[in-house]
Amino acid sequence: MTDDVPPTSAPVTTSGLAGERAKRLDKVATLRQAGTNPYPYRFDRSHTVAQLREAHGDLEAGQETDERVQVAGRMLLKREQGKLIFATIRERESEVQLFVSKAVVGEEAFAAFADLDLGDWVGVDGTVMTTRKGELSVQVITFQLLSKAVRPLPDKWHGLSDTDTRFRQRYADLIVTESARRAFRIRHEVIASFRRTLHEHDYVEVETPVLHVEAGGAHARPFLTHHNALDMPLFLRIALELHLKRLIVGGMDRVFEIGRVFRNEGVSTRHNPEFTMMELYQAYADYTEMIAITTELITRAAQDATGTTVVDIDGTSVDLAQPWRQAKMTDLTSAAVGEEVHPSMPRPALVAIAERHGVVAAPSWGTGKLVEELFEATVEASLIAPTFVTGHPVEISPLARTDRHDPHLTERFELFVGGRELANGYSELNDPLEQRARFEDEQRAKEAGNAEAGTVDEDYLRALEYGLPPTGGLGIGMDRVAMLLAGVSSIKEVVLFPTLRPEVWE
RNA sequence: GCCCCUCUAGCUCAAUGGCAGAGCAGUGGACUUUUAAUCCAUUGGUUCAGGGUUCGAGCCCCUGGGGGGGCACCA
């Protein structure tokens, strides 16, 4: 749905959106005729609004100073009071009041200020003062319209509640929805915190291709595109893994990337077709170091982004600074179903257990896949406090190293918080012969009809043949960490422009 | 893909199957310390679209569309 009006349409009414827009466009034309550019090129500030508050926030009520300042922001509120106008402007998260007196600015400028609309960007030159009630203000001497808003803002008090509008018109959402600004601020702090932690640990940040000849490193349906000049199909990456491990082979022994990955799957409160992963790889380490750094990254991000390590997970208060539980997938699943579950068991036995728990086994599933499906059906949603689930079956972990104590399992973990998977890591498989065999299993599964299964990546195998040192690897879903720390339940609240069907423009 | 909910003025929301309304925004007026300013007056509607039932549909039914939630999918 669209409320839009073609920009060339003549005003047909005097009210409603079309009328409001026409009125404001009229003001633009009038300003131009008077030689004033309603969209000037620049404005020089002496202070940001935050700096102004920092410098003068302690001024007592009823003070007028000679301190001359130039500040700017978007006008959000205007209170006209006879020969005075009070207006509130916001710049980033800081607001300040403008105090406009007809006696100070003169008739003409006063009328021009009164003619400003909510939503206009304005720059002012004036003196610092406080009102009788103590509100820090700038007594305006001169002002300049910095950009005319020709479309009205949503309700100044209720803001936007229609999610359609909030997600499609994120610009309007950010203007009027404080909680949205907060969520994206937290997201920013989380990513900045991750980078700080990783740089302290001497990781090198790299960028690897988004366009892949083969979409490997995870089980997911890829997006397919086409390169014209080379006349070849290309996939958008579904993971960062395989290129980053090539770099470990090359001697970059601690690397990470924070990047967008793409999975051609359903949209839900937990899934957006494009989302942000952080993956890191560290030579000489195994999965135990990956568990340690996962904890450090997320705990520090919580502290940096929210000022506390205590998070609220669906009404439960959890202190991330407390040790996180660690448990084997087979143990958790066995406990949940009340009998032993392990990928070494005969397949019919596992199929029978699965059916008792409402899991319909596909013919292609081996015992490892059955164990995982049982885990997802009986355990996953109950993992509210942070829990490292370890020991995933080999069948579902084609890039992870076999457990040194159990040939059916891998040295792998996934971190669950609030019933959601946040991270995944393992001791990396570095034996090129075993990796080839695992790839060939994947290839067979794909040929048997599993669209998410991988293929044999010959170049990756060649890299392994040069020698990948013992390596630990980790992937963290940044959107989900942001969700956790922002306390929101939909991924759309932490993705600025979530994937939506296209709007119809009539 | 399936199920449920939802869509009314620019925004936030009302309206037993019986004259489509309020607040904010806008417009006009009053006001030199307001701060969601206040007070008086006031403009503004293809009720998502199309079809049907009915004397009469914003409301009931059908089809389609957008969004949300759930399921499926997503190791």
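The values are calculated or read from the model by the stated rules, or taken from the named source; none is laboratory data. No experiment lies behind these values; they were computed from the predicted model shown. Heads up, the Cβs are rebuilt from the backbone with ideal geometry, glycines too, and the neighbour counts pull from every protein chain shown.
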**Complete:** Within the stretch A:336-383, the residues that are under 35 Å from the mean Cα position of the chain (by Cα) and more than 15 Å from RNA strand B (Cβ to nearest atom) are A:Ala336
**Request:** Exactly one condition in (1) of a type in the set (S, T, N, Q); (2) closer than 19 Å to A:Val128 by Cα; (3) in contact with a helix residue (DSSP H, G or I) (Cβ under 8 Å, 6 or more places away or on another chain) is not met by A:Gln51; state its number.
**Result:** (3)
**Message:** Testing A:Val456 on (1) out of contact with any Lys or Arg (no Cβ under 9 Å at 6 or more places or on another chain); (2) closer than 22 Å to A:Gly216 by Cα; (3) modelled with pLDDT under 95, one condition comes back false. Which one is that?
**Reply:** (1)
**Request:** Test A:Leu76 against the stated conditions and say whether it is near RNA strand B (Cβ under 10 Å from one of its atoms) and touching a helix residue (DSSP H, G or I) at 6+ places or on another chain (Cβ under 7 Å).
**Result:** no
**Asked** Taking the stretch A:244-271 on its own, how many of its residues are modelled with pLDDT of 95 or more, out of contact with any strand residue (DSSP E or B) (no Cβ under 8 Å at 6 or more places or on another chain) and closer than 25 Å to A:Glu421 by Cβ?
**Response** 0
**Asked** Looking at A:Glu178, is it closer than 28 Å to A:Arg300 by Cβ, exposed (fewer than 13 other Cβ atoms within 10 Å of the Cβ) and within 15 Å of RNA strand B (Cβ to nearest atom)?
**Response** yes
**Message:** If a residue must be assigned to a loop (DSSP other than H, G, I, E, B) and either among the basic types (Lys, Arg) or under 14 Å from A:Thr378 (Cβ atoms) (or both), how many such residues does the stretch A:343-364 contain?
**Reply:** 3
**Request:** Filter the stretch A:227-249 for residues that are without any contact (Cβ under 8 Å) to a residue 24 or more places away in the chain and more than 25 Å from A:His271 (Cβ to Cβ) and give the result.
**Result:** A:His227, A:Asn228, A:Ala229, A:Leu230, A:Asp231, A:Met232
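Yes or no, residue by residue, for (1) within 11 Å of RNA strand B (Cβ to nearest atom); (2) at negative phi; (3) within 16 Å of the chain's Cα centre (by Cα):
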{"position": "A:Ala453", "(1), (2), (3)": "yes, yes, no"}
{"position": "A:Pro469", "(1), (2), (3)": "no, yes, no"}
{"position": "A:Leu484", "(1), (2), (3)": "no, yes, yes"}
{"position": "A:Ser490", "(1), (2), (3)": "yes, yes, yes"}
{"position": "A:Val504", "(1), (2), (3)": "yes, yes, no"}
**Asked** So, in the stretch A:319-354, of the ones that are among the basic types (Lys, Arg) and surrounded by fewer than 18 Cβ atoms within 10 Å (Cβ to Cβ), which residue ends up farthest from A:Thr306 (Cα to Cα)?
**Response** A:Arg347
**Message:** Out of A:Phe143, A:Phe86, A:Phe110, A:Phe99, I need the residue that is surrounded by 15 or more Cβ atoms within 10 Å (Cβ to Cβ), of a type in the set (Phe, Trp, Tyr) and closer than 21 Å to A:Ile175 by Cα. Which one?
**Reply:** A:Phe86
**Request:** Hey, can you tell me all the residues within the stretch A:287-308 that are in contact with an Asp or Glu (Cβ under 6 Å, 6 or more places away or on another chain) and either without any contact (Cβ under 8 Å) to a residue 60 or more places away in the chain or closer than 14 Å to A:Thr471 by Cα (or both)?
**Result:** A:Tyr287
**Complete:** All-but-one check, A:Gly419 against (1) out of contact with any Asp or Glu (no Cβ under 8 Å at 6 or more places or on another chain); (2) within 13 Å of RNA strand B (Cβ to nearest atom), failing number (1)
**Message:** I'd like to check something: does the stretch A:162-171 contain any residue that is more than 7 Å from RNA strand B (Cβ to nearest atom), touching a strand residue (DSSP E or B) at 6+ places or on another chain (Cβ under 7 Å) and either touching a residue at least 40 places away in the same chain (Cβ under 8 Å) or in a loop (DSSP other than H, G, I, E, B) (or both)?
**Reply:** no
**Request:** Scan the stretch A:115-138 for residues that are within 13 Å of RNA strand B (Cβ to nearest atom), under 23 Å from A:Pro40 (Cβ atoms) and surrounded by fewer than 19 Cβ atoms within 10 Å (Cβ to Cβ) and jot them down.
**Result:** A:Asp115, A:Asp117, A:Leu118, A:Thr127
**Which listed residue is loosely packed, with under 13 Cβ neighbours inside 10 Å, of a type outside the set (Phe, Trp, Tyr), more than 16 Å from RNA strand B (Cβ to nearest atom) and over 26 Å from A:Arg444 (Cβ atoms), from A:Thr316, A:Thr299** = A:Thr316
**Spans of strands (runs of 3 or more DSSP E) in the stretch A:61-160 with at least 3 residues among the acidic types (Asp, Glu)** = A:64-81
